[in-house]
1. Could you calculate the contour length gain from Ala57 to Met29, that is, 0.36 nm times the residue separation minus the distance between their Cα atoms, to one decimal place in nm?
2. Give me the extension gain from His331 to Thr9: residue separation times 0.36 nm, minus the current Cα-Cα distance, reported in nm with one decimal.
3. Which residue, chosen from Val18, Thr203, His293, occupies the Cα position most advanced towards the positive end of the dipole of the chain, where the dipole is computed from +1 (Lys, Arg) and -1 (Asp, Glu) charges on Cβ about the Cα centre?
4. Is the C-alpha gyration tensor of the range 80-191 telling us rounded, prolate or oblate? Criteria: a/c under 1.5 is rounded; beyond that, a/b larger than b/c is prolate, otherwise oblate.
5. Only sites in a loop by DSSP and with at most 11 other Cβ atoms within 10 Å count here; which trypsin sites (Lys or Arg not before Pro) in the range 158-224 make the cut?
6. Test of understanding: what is the full-extension gain from Asp155 to Trp64, defined as 0.36 nm times their sequence separation minus their Cα-Cα distance?
7. Would you mind working out the accessible area per residue for the chain, using a 1.4 Å probe, and quoting it in Å²?
8. Does the chain come out rounded, prolate or oblate, given a ≥ b ≥ c as the square roots of the eigenvalues of its C-alpha gyration tensor, rounded meaning a/c under 1.5 and, failing that, prolate meaning a/b above b/c?
Amino acid sequence: MTSTTPDVTQTELAAALVIVARIAQARAMQATGDPNATVHLDRRVCLQAAAGMPPAARFDRHAWMKAWQAAREDGSLPHRKALYRQLSRTLADELDFDGDSWEGEHRQAEIYRIASRLRTVDTKVCIDDTLGPLDAKVDPHNLWNGFVSPRFTLDAALQLAAQTQQLAEEFNGDGVDTVHVIDCGAKDHDGKPLAFVLRVSWTYMEDEGAEQSTLIIEPDDEGRYSIGGWEWCWSYAHWNCVCGRYSDWHERCWCGLTRDHQPTAPLEIARWTAAAALRRLAPSATSALIDIHEGRPHIVQVYAGDTELDTADDGGVFDTETLGAADAYLHHAIDSSEPADLAAAPGWEHIPDERSANVYRITFPTL
Ligand SMILES: [Zn+2]
């Protein structure tokens, strides 16, 4: 897989590749009327995409020079040059070609495929509660009515096969698609399993016969099987964060926590959940001062850096419900911990105060 230079992100590179693919499409339409026809591409398509120009079929040298000059003036030229170099390198690395240059005859689909690979995320997918969750690679931009098109390893395809067959048993096969892995046990000369996937749509079997109601799914060049893409209602599986929200499997939670780094200590969980509750209304909040009276914590002040945020019940930054919710998270955490632990917990600090012996500053995690 192509790596990017520090200043060109995968997302940017993928977006520029989509422009190149659209140029190929426009050229193919103009020449033959078929958007998928093979057309000649050279490095000028990279210049066109890197300059942020529209995907017109013809390279307009005059317009390109104007765009390049504008980039020089607004300071974006070094970045656009880096994008151009990265685009050319990516096409040279990823396209199939004869001879010593990628410049030549290509189809838009080849370019789209490279863009799609760059955007791909490793995630888990499911269909409601019936199928999955299963590990898969997904291009988040390739959506069908909002559903995703996952690509599975052979192992994941085997799990999916077992799930569909069990589903068919439960519904007596009626209206169910089943998946079957046909694996001869040997490997091909690249070391990949000699196996394919068969999908059977039993709904059509009676009227249309086996040939019409079965689909052979071969592995792609990464050894992945695309099962149910653009047909089945695949969605991302979710994970639940300690802060109470859920996110798509591969996404970081809004509160800043990731799935792999979920706190387990009650006081640490409370620090995140209280911070998330307050930051919903005051994203700049960095710490809070709490006073614990007879075991019940109460937020007395919220800070953004050194600045006090207005916590007045009426007209302040926060509403009563938000402050009450944050108080409740802290109360629950303190209840589940030894009192002596408070100042020792990460982000909790005892603050000397003449009116109360139980004032603490909670510093929120940095995002
Ligand atoms: Zn969270």
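1. Details: separation 28, 0.36 × 28 = 10.08 nm, distance 0.88 nm.
Working it through step by step, the gained length comes to 9.2 nm.
2. 111.6 nm
3. Val18
4. Cα axes put the range 80-191 in the prolate bin.
5. Values: sites: Lys187, Arg199, Arg224; in loops: Arg224.
Those that pass, being in a loop and sparsely packed, number zero.
6. Full-extension gain reported as 27.9 nm.
7. Using a 1.4 Å probe on heavy atoms only, each residue of the chain averages 55 Å².
8. On the way: a/c = 2.93, a/b = 1.47, b/c = 1.99.
Because a/c hits 1.5 or more and a/b fails to exceed b/c, the chain counts as oblate.
The values are calculated or read from the model by the stated rules, or taken from the named source; none is laboratory data. Being a predicted model, the structure only gives us computed values, none of them experimental. All Cβ positions, even for glycine, are placed from backbone atoms using ideal geometry, and neighbour counts span all protein chains on display. Side chains included, ligands, DNA and RNA excluded: accessible areas come from the protein's heavy atoms. Shrake-Rupley method; radii C 1.70, N 1.55, O 1.52, S 1.80 Å.
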